[in-house]
Amino acid sequence: MNPYNYLYLSALLFTIGAVGVVVRRNAIVVFMCIELMLNAANLTLVTFSRINGTLDGQVIAFFTMVVAACEVVVGLAIIVAIYRSRRSASVDDASLLKR
Amino acid sequence: MLTIQTPEAIMFWVLAPLSVVAALGMLLVKKAVHSALLLAWVMITLAIFYIAQDALFLGIVQIVVYTGAVMMLFLFILMLVGVDASDSLTETIPGLRPIAITAAIGFGGLLVSLIGRATLGHDAYGLTQANSEGNVEALAQLLFSTYVFPFEVVSALLITAALGAMVLAHHQRAVPRVTQREQAIARFRGKSLGSAAGLPNPGVFARHNAVDVPALLPDGSAAPNSISATLKARGDMLDSTQFELSEVDNTVTEEK
């Protein structure tokens with residue numbers, strides 16, 4: 001086995017996450033799929049860090065985790081704010097600009 | 001030169017399919033809570049992969065931050081928002097699903113074929129040299145020298161995110177809070193003085209005093225306003241007639 005297999009796995013997980021963002025309707029599940037994509041990208045960074053023999057990839061993955069944590073906090077606050085005004089967590093219901 | 005030992009290969013071939021299956025299940029299960037649990041499993045497998053790839057610190061952070069904090073936050077918000085129609089798997093935009101799956105196959109195929117064709121120009125090095133004085137020490141060395149400016153920027157981002165969450169979660173009252181004095185005045189100036197002393201308590205005295213049984217009025221009928229409106233709407237209100245005494249034993253036995 002060579003370390004590139006981790007890259008294939010990461011590509012698969014990223015694609016699955018992208019499909020989830022498009023297909024699912026619940027805003028929280030959409031958000032979880034975004035988290036899955038971020039995690040897949042992190043796996044790529046860690047694998048390349050190992051392949052290249054430097055730790056820079058791991059530092060970038062660490063920054064990604066911090067930014068993802070911020071994103072989760074703000075995103076979930078937005079979802080709760082939308083739910084409070086519309087009583088729904090569906091991404092289809094938040095289409096005020098269309099009507 | 002990096003050689004991957006057999007245990008790591010076995011670990012990879014066991015856990016990688018499991019994580020892909022869990023990720024697919026995340027898309028296919030109906031309930032958002034199940035999606036969250038499956039995602040937590042994917043994150044745990046990723047943490048194991050990090051640790052196997054000499055990224056010990058990131059593996060621990062992955063478990064603590066992602067499966068510990070982020071997924072619990074997700075579950076917390078799920079409990080708060082509750083289950084609604086958005087959980088249904090019906091297609092709301094016609095033709096979306098085939099297009100999404102086709103695009104995903106194309107994108108995934110592109111990525112996989114790119115990884116298969118690309119060559120790095122050198123063999124995989126491995127992290128034994130970079131981690132020679134410990135993974136955490138080496139990461140700290142990098143973080144506080146080369147990456148010290150991004151580190152500071154990220155700290156500012158964290159503070160901003162915390163403030164943003166507070167601002168977004170803050171709920172401004174549209175009407176001022178009703179004071180106790182105003183409530184008392186409204187009770188006495190209302191339609192009847194019947195509720196001036198407060199609404200009756202639920203429960204039938206001496207037979208059943210749970211909150212889901214309405215109180216009895218002096219004429220024997222039930223007082224519906226003694227029950228919480230939520231219980232009534234949910235249909236959890238019990239009938240008080242079943243707690244009535246069928247016959248009162250009036251006979252007095254003489255005691256000697």
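Rounded to the nearest 100 Å², what is the buried accessible area between B and A, both sides summed, probe 1.4 Å? Before the final figure, lay out the partial values.
Numbers: alone 20740 and 7060 Å², together 20860 Å².
It comes to approximately 6900 Å² buried between B and A.
Just add up the charged neighbours of B:Ile101: K/R +1, D/E -1, any other residue whose Cβ is under 15 Å from the Cβ of B:Ile101.
+1
Going by accessible area, probe 1.4 Å, with all protein chains left in place, what is the ranking of A:Tyr8, B:Tyr125, largest first? Write down the numbers at each step before the final one.
Details: A:Tyr8 70, B:Tyr125 110 Å².
From most accessible down to least: B:Tyr125, A:Tyr8.
What is the mean number of Cβ atoms from other protein chains located within 10 Å of the Cβ atom of each residue in peptide B:51-57, rounded to a whole number?
Mean shielding by partner chains, rounded to a whole number: 5.
Kindly identify residues of the range B:168-207 having a loss of at least 50 Å² in accessible area between the isolated chain and the assembly of all protein chains, probe radius 1.4 Å.
B:Leu168
Could you identify which residue out of A:Phe63, A:Phe31, A:Phe48 has the top mean-square fluctuation in a GNM of chain A using Cα springs shorter than 10 Å?
Among A:Phe63, A:Phe31, A:Phe48, the largest GNM mean-square fluctuation belongs to A:Phe63.
Got the relative contact order for chain A handy, in percent, Cα pairs under 8 Å and 6 or more residues apart?
Details: 76 pairs, mean separation 27.7, N = 99.
Reported relative contact order: 28 percent.
GNM, chain B, Cα, under 10 Å: largest mean-square fluctuation among B:Val154, B:Val20, B:Val213?
Of B:Val154, B:Val20, B:Val213, the most mobile in the Gaussian network model is B:Val213.
In nm, what is the difference between 0.36 nm times the number of residues separating B:Ser192 and B:Thr119 and their Cα-Cα distance?
Working: separation 73, 0.36 × 73 = 26.28 nm, distance 8.60 nm.
Between B:Ser192 and B:Thr119, full extension yields 17.7 nm more.
Calculate log10 I(q)/I(0) of the protein assembly as shown for q = 0.08, 0.13 Å⁻¹, where I(q) comes from the Debye formula with a single equal point scatterer on each Cα and nothing for solvent.
Scattering profile of the protein assembly as shown, log10 relative to I(0): -0.59, -1.07.
Using only the C-alpha atoms of the range B:1-77, find the volume of their convex hull and express it per residue in Å³.
Details: hull volume 5.9 nm³, N = 77.
Taking only Cα atoms, the range B:1-77 has a hull volume of 77 Å³ per residue.
How much accessible area per residue does the range B:80-171 have, counting only protein heavy atoms and a probe of 1.4 Å, in square angstrom?
Working: 6190 Å² over 92 residues.
Result: 67 Å² of accessible area for each residue.
What's the whole-number percent of alpha carbon pairs in the range B:13-164 lying beyond 27 angstrom? Working shown, then result.
Numbers: 5460 of 11476 pairs.
Summing the P(r) tail past 27 Å for the range B:13-164 gives 48 percent.
Relative contact order for chain B using alpha-carbon pairs under 8 Å, separation at least 6, rounded to a whole percent?
On the way: 155 pairs, mean separation 27.3, N = 256.
Worked out over chain B, it gives 11 percent.
Based on the Cβ-Cβ distance from B:Val20 to B:His170, what FRET efficiency comes out when R0 is 41 Å, to the nearest 0.05?
So, using R0 = 41 Å, E works out to roughly 0.50.
Rounded to the nearest 500, what is the 222 nm mean residue ellipticity of chain B from helices alone, with -39500 (n - 2.57) per DSSP H run of 4+ residues and division by all residues?
Counting only the DSSP helices, I get -16500 deg cm²/dmol.
Where does the Debye-calculated log10 I(q)/I(0) of chain A sit at q = 0.10, 0.24 Å⁻¹, using only Cα point scatterers of equal weight, no solvent?
-0.37, -1.19
Against the longest alpha carbon principal axis of chain A, how many degrees, from 0 to 90 and to the nearest 10, is the axis of helix A:4-23 turned?
10
Describe numerically, in nm with one decimal, the distance between label points set 7 Å from Cα along Cα→Cβ at B:Met79 and at B:Leu28.
Placing both labels 7 Å beyond Cα along the Cβ direction yields 3.0 nm.
Please sort through the DSSP H helices of chain B and keep those with an alpha-carbon extent of at least 27 Å along the long axis and a Kyte-Doolittle average not below -1.0. Please report the intermediate quantities before stating the final value.
Working: long enough: B:6-28 (33 Å, 1.76); B:32-52 (30 Å, 2.09); B:96-117 (31 Å, 1.45); B:148-169 (32 Å, 2.09).
Taking the DSSP H segments of chain B (at least 27 Å long, mean hydropathy at least -1.0), we get B:6-28, B:32-52, B:96-117, B:148-169.
The values are calculated or read from the model by the stated rules, or taken from the named source; none is laboratory data. This structure is a prediction, so every number in the text was calculated from the model and none was measured. With ideal geometry, Cβ positions are generated from the backbone for all residues, glycine too; neighbour counts draw on all protein chains shown. Surface areas here come from the heavy atoms of the whole protein model, side chains and all, with no ligands, DNA or RNA. Shrake-Rupley method; radii C 1.70, N 1.55, O 1.52, S 1.80 Å.
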